[in-house]
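The values are calculated or read from the model by the stated rules, or taken from the named source; none is laboratory data. Every value quoted in this text rests on a predicted model; they were computed, and no experiment measured them. Positions of Cβ are backbone-derived with ideal geometry, glycine not excepted, and every protein chain shown enters the neighbour counts.
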Amino acid sequence: MLSLRSEVHPLFAGKGSKIQRLMYGASTPCSHDERRKFPMELSHTRGIAPAPSNHLVQITRQHPLLCYFLIAFGLTWAYERLVFEVPITVGSISSKEGKHMLFAGKGSKNRKSRDAERSIPGVIRRTMSRWLLMAAGASLVLSALFPSRVAAAPWSLAQSLNQLLMVSGQFSDLAASAPYATQGVGGFVFFNSPSECSGPVIQAGIAALKADATAAGQVVPWMSTDEEGGTVQRLACVIGSLPSARQMAAEWTTSQVQANVAAQGTAMRSLGITMDLAPVMDTSPATWPYNDESDRSFSDNYSTVTANGLAFANGLQSAGIVPVVKHFPGLGHAVGNTDQGPATDPPLATLQGDDLLPFGQAINAGLPVVMVGHPSVPGLTGMVPASLSPATYQYLRTTLHFGAVAMTDSLAAGAIADFGYSQPAAAVAAIEAGADMAMIDVTQWQATLSALESAVNSGTLSLARVNASVLRILKA
């Protein structure tokens with residue numbers, strides 16, 4: 001790019017993930033921080049459906065283990081009464097004379113009960129009763145410690161599709177992004193330096209957007225920006241500057257890179273930023289004339305790029321910031337500037353021995369988000385921009401085994417327009433191809449959402465495809 005969450009969503013049922021832990025009441029959120037708490041965790045005071053007015057229904061939903069016990073105990077009691085016609089054992093006493101069971105009745109009824117108790121069915125009933133009493137205690141304790149969240153309404157199609165969109169915003173006018181936060185977009189990317197270099201102003205503006213999202217019952221969106229260092233850092237006047245990637249690699253050890261980026265990430269996090277569209281893991285010569293890669297990339301040596309890029313990403317993650325590895329499959333040797341028009345990478349076979357290696361290592365390290373750029377790649381995408389090509393995402397998923405979030409670079413880029421696509425059409429094409437999230441200009445939000453809805457309704461974009469992306473986004 002120009003350097004520039006209700007009832008659980010149906011797709012999450014049965015998933016063994018952090019999301020499932022929220023569904024069943026554990027306190028660990030499904031992401032690095034509170035920014036993307038799963039809707040099930042949110043209370044009705046934050047816009048999620050209120051608890052049912054029927055207290056019995058509310059207790060049933062909040063304490064399912066207790067309800068399971070009561071049902072099981074009731075069935076056992078009915079079995080005892082209707083089949084054996086003897087009372088349920090509630091305890092026992094040991095004495096020198098032998099074991100005497102405590103029953104509700106007396107006299108001959110007690111003698112009959114003792115005879116029944118000594119029989120095999122009686123032993124079975126007594127054992128079952130004791131196990132049920134133990135289960136009751138465990139159920140009560142677990143229900144008290146881990147009450148399930150009250151469910152709300154299922155997600156609408158619009159909610160799911162909005163999660164796939166990252167829209168632009170301006171640090172100079174954060175309040176203008178409020179309508180899109182209430183609609184449930186998956187993320188914001190903020191451009192331009194703040195008109196007021198004031199941390200409290202930015203902090204308040206981002207906090208207000210998060211509050212708007214939660215008040216509307218939406219998942220809190222990613223709050224992102226570009227803080228690469230050098231010429232690409234939006235918040236330098238607020239949190240200070242970092243050297244360019246090229247300078248970091250030349251002058252710092254990887255430990256210094258990680259430590260300095262961690263400090264920068266902590267400052268970003270204090271403002272409410274939760275994602276950084278960095279590091280650049282392109283491999284590029286220092287004299288390369290396109291895309292500012294001579295400054296933005298760490299080196300023309302893939303090992304140097306890998307080591308410093310991972311150090312950068314680790315620094316961000318240690319501060320609670322989600323790193324975004326870019327620009328897959330590499331812009332470091334692309335001829336042309338994708339922001340301004342078409343650009344072509346070297347053939348796939350060449351990239352595999354150089355440019356793709358840092359991305360493979362980042363994926364192996366478990367980094368959660370990869371940004372896909374717009375160059376065409378001979379031998380992979382043909383003349384199609386990588387961000388719109390199914391072959392790109394197939395390579396990511398099957399060859400590099402990437403299972404997390406793939407987002408596009410800005411679809412406002414010249415390379416997309418030159419290929420004949422509007423932003424809404426490009427967003428549909430990218431998601432159909434395999435992208436999880438499309439980055440668009442905020443002015444194109446409504447048109448893009450409508451285009452995605454039409455694609456789903458017509459069957460060209462499957463709901464299963466949408467659901468898979470939503471799941472990856474919420475888990476990132």
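For the reader, a short list of remarks on this structure follows.
- When Ser294 is tested against (1) in a loop (DSSP other than H, G, I, E, B); (2) modelled with pLDDT under 95, only condition (1) is not met.
- Tally of residues being part of a loop (DSSP other than H, G, I, E, B) and more than 21 Å from Glu227 (Cβ to Cβ) across region 331-346: 10
- In the set Gln264, Gln233, only one residue is more than 25 Å from Asp355 (Cβ to Cβ) and of a type in the set (S, T, N, Q); that residue is Gln264.
- Selection from region 413-432 of residues that are among the small types (Gly, Ala, Ser) and in contact with a helix residue (DSSP H, G or I) (Cβ under 6 Å, 6 or more places away or on another chain): Ala426, Ala427, Ala429, Ala430
- Within region 426-439, at least one residue is of a type outside the set (A, V, I, L, M) and buried (at least 18 other Cβ atoms within 10 Å of the Cβ).
- Hey, Ala250 in the same structural domain as Thr408 (by TED's automatic domain parsing) and over 27 Å from the mean Cα position of the chain (by Cα) or not: yes
- Of all the listed residues (Pro323, Pro329), the sole one being crowded, with 24+ Cβ neighbours inside 10 Å and under 23 Å from Ser270 (Cα atoms) is Pro323.
- Unique match (being modelled with pLDDT under 95, surrounded by fewer than 16 Cβ atoms within 10 Å (Cβ to Cβ) and either over 27 Å from the mean Cα position of the chain (by Cα) or assigned to a helix (DSSP H, G or I) (or both)) among Pro194, Pro200: Pro200
- The C-beta contact set for region 435-448 (first residue closer than 14 Å to Phe190 by Cβ and outside any loop (DSSP other than H, G, I, E, B), second residue among the acidic types (Asp, Glu) and modelled with pLDDT of 95 or more, distance under 8 angstrom, 6+ apart or interchain) comprises Met439/Asp409.
- The listed residues are Asp292, Asp276, and the only one of them that is of a type in the set (D, E, K, R) and surrounded by fewer than 24 Cβ atoms within 10 Å (Cβ to Cβ) turns out to be Asp292.
- Number of positions in region 205-263 that are modelled with pLDDT under 95, within 17 Å of Val322 (Cα to Cα) and in a helix (DSSP H, G or I): 0
- Residue satisfying all of: in region 361-398; in a loop (DSSP other than H, G, I, E, B) and under 23 Å from Met275 (Cα atoms); farthest from the chain's Cα centre (by Cα) among these: His374
- Verdict on Thr304 being within 13 Å of Met248 (Cα to Cα), assigned by TED's automatic domain parsing to the domain that holds Met371, surrounded by fewer than 24 Cβ atoms within 10 Å (Cβ to Cβ) and out of contact with any Leu (no Cβ under 9 Å at 6 or more places or on another chain): yes
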